[in-house]
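The values are calculated or read from the model by the stated rules, or taken from the named source; none is laboratory data. Everything quoted here is computed from the prediction, not taken from an experiment. When we count neighbours, we look across all protein chains shown, and the Cβ atoms used for this are built from the backbone with ideal geometry, even at glycine.
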């Protein structure tokens, strides 16, 4: 019984409470996990362009980083960090690749005995390549009509128009 109490007290100290909020967006740990899963789903179903997914992921990662700094032994950090790394690895560009590598290293170092630590080691061993912009994203951007600047409206004329001239 005493062992259970000690274990529960340690878990309470290491896990972020559900009502604590982190980062610029003031997200709870639960919200960070949820957002990461939703961003992955929205990107993979082509409802977010790569640059939109990256922007939202960077904002959410800020909350993740603050959560990790405050509760470094939270057991959900490993799976959430790995989820972030996997999504970054799918996105095109060097910024996404660098964030993927950073998160794989974070999970590998801080949670070496977890399955996410092993998966992170394997991903780093295989290498994380810089992805190109996917063809579907190029097609989506091309399909969106661009706003072309129109000619500015002509200023009102000071001379009377033929229709406003007095009739005889």
Residue satisfying all of: in the range 64-82; closer than 12 Å to residue 36 by Cβ and surrounded by fewer than 22 Cβ atoms within 10 Å (Cβ to Cβ); farthest from the chain's Cα centre (by Cα) among these: 76
Failed condition for residue 34, given (1) buried (at least 19 other Cβ atoms within 10 Å of the Cβ); (2) within 27 Å of residue 136 (Cα to Cα): (1)
Failed item in (1) out of contact with any strand residue (DSSP E or B) (no Cβ under 7 Å at 6 or more places or on another chain); (2) under 30 Å from residue 142 (Cα atoms); (3) at pLDDT 95 or above, with residue 82 passing the rest: (2)
Positions within the range 37-56 being surrounded by fewer than 20 Cβ atoms within 10 Å (Cβ to Cβ), in a helix (DSSP H, G or I) and free of Cβ contacts under 8 Å to residues at least 40 places away in the same chain, in sequence order: 38, 41, 42, 51, 52, 55, 56
Matching residues, the range 132-149, being buried (at least 16 other Cβ atoms within 10 Å of the Cβ) and either modelled with pLDDT of 95 or more or assigned to a loop (DSSP other than H, G, I, E, B) (or both): 134
Those residues of the range 19-45 which are modelled with pLDDT under 95 and more than 14 Å from the chain's Cα centre (by Cα), in sequence order: 19, 20, 21, 22, 26, 28, 29, 30
